[in-house]
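What follows is a set of notes on a single structure, which appears directly below.
The values are calculated or read from the model by the stated rules, or taken from the named source; none is laboratory data. These numbers were taken from a predicted model, which means no experiment stands behind them. Cβ placement follows ideal geometry from the backbone for every residue including glycine, while neighbour counts extend to all protein chains displayed.
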């Protein structure tokens with residue numbers, strides 16, 4: 001006998017779980033009338049249930065008792081508006097009664113995330129040549145998967161890998177070591193950093209006290225060599241006429257300009273000092289890299305010095321600012 005799709009969907013169209021149980025009770029009564037109730041009971045509960053892998057469950061496996069329906073003769077009560085649904089079906093809806101759970105936590109791959117999509121039994125027959133069907137192919141795939149350990153540790157020789165790696169970053173030399181005779185002491189650097197912090201604080205309070213500019217003109221940026229003002233000593237008005245972006249940009253441009261110099265003049269050191277006082281925190285990555293370049297350049301010039309002079313003092317000031325205050329040389 002065949003059933004249409006509408007007939008099958010009607011079997012699960014009850015408005016509630018209790019009403020759905022009555023539908024199945026009606027189906028069970030029809031099977032019993034046709035003489036197939038014994039076969040149906042055998043599907044619900046067997047002495048040795050078989051799991052999805054085709055193996056018999058052990059004594060500790062999950063066992064579920066078949067639901068028992070009572071008073072089957074009243075299966076049509078819910079259709080007639082009778083509220084005595086619970087009396088018609090008994091108590092078959094407790095999902096926990098008569099159920100035993102396995103307390104053993106199995107470490108089987110099939111019970112976890114590695115469970116196969118298609119379960120196959122038997123051993124593969126490699127002597128038969130190419131697999132003749134999909135089941136034989138799956139047997140061979142499962143056999144090969146079982147030969148692979150769950151955890152594979154790869155032993156990589158990092159030394160050989162470094163030798164074969166193509167260099168993609170420039171090799172920047174270390175900061176040169178300065179002579180102890182011209183190198184600033186730790187006590188002097190601590191005292192100077194305190195003074196420099198107070199100078200930055202005083203400039204910040206003054207910069208925000210009178211608005212965007214002392215003269216009222218819009219702020220702008222200057223590049224080294226592009227304006228005659230850069231050939232003179234920096235003044236407070238010059239620095240305050242720059243906005244925050246212009247100050248950082250000018251500091252980077254000035255640092256790039258002195259990379260080709262063998263010595264630093266007093267005017268160069270004054271401009272670098274003034275721009276470091278005015279630059280705002282936090283620094284962007286380009287400005288940090290520029291300050292590291294300034295530190296490296298000053299250390300290179302200072303390493304060639306053997307006697308104390310005015311340039312040594314100026315270089316020590318710029319190195320203390322870039323290394324200690326802006327943190328570009330933590331091990332210093």
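Note down all Cβ pairs under 6 Å where the first residue falls in segment 131-151 and is more than 12 Å from residue 120 (Cα to Cα), the second is surrounded by 14 or more Cβ atoms within 10 Å (Cβ to Cβ), and they're at least six residues apart or on different chains.
These pairs meet every condition: 131/137.
Looking at this structure, is residue 301 over 24 Å from residue 203 (Cα atoms) and in a helix (DSSP H, G or I)?
Here the answer is yes, as residue 301 does meet what is asked.
Scan segment 14-52 for residues that are assigned to a loop (DSSP other than H, G, I, E, B) and either within 27 Å of residue 121 (Cα to Cα) or modelled with pLDDT under 70 (or both) and jot them down.
Within segment 14-52, 45, 46, 47, 48, 49, 51, 52 qualify.
Which residues, counting only those in segment 276-290, are touching a residue at least 40 places away in the same chain (Cβ under 8 Å) and either more than 26 Å from residue 205 (Cβ to Cβ) or assigned to a helix (DSSP H, G or I) (or both)?
Listed by number, the residues that qualify are 276, 277, 278, 288.
Being farther than 26 Å from residue 180 by Cβ and at pLDDT 90 or above: is that true of residue 283 here? Before you say what the answer is, go through the steps one by one.
Details: farther than 26 Å from residue 180 by Cβ: yes; at pLDDT 90 or above: yes.
Against the criterion (farther than 26 Å from residue 180 by Cβ and at pLDDT 90 or above), residue 283 qualifies.
Which members of segment 113-127 meet the condition of being closer than 13 Å to residue 143 by Cα, at pLDDT 75 or above and assigned to a loop (DSSP other than H, G, I, E, B)?
119, 120, 121, 122, 123, 124, 125
Looking at 306, 300, 287, which one is in the same structural domain as residue 233 (by TED's automatic domain parsing), crowded, with 16+ Cβ neighbours inside 10 Å and out of contact with any helix residue (DSSP H, G or I) (no Cβ under 8 Å at 6 or more places or on another chain)?
One residue alone meets the criteria, 300.
In this structure, is residue 257 touching a helix residue (DSSP H, G or I) at 6+ places or on another chain (Cβ under 6 Å) and without any contact (Cβ under 8 Å) to a residue 60 or more places away in the chain? Quick ask: steps written out before the conclusion?
Details: touching a helix residue (DSSP H, G or I) at 6+ places or on another chain (Cβ under 6 Å): no; without any contact (Cβ under 8 Å) to a residue 60 or more places away in the chain: yes.
No; evaluated as a whole, the condition is false for this residue.
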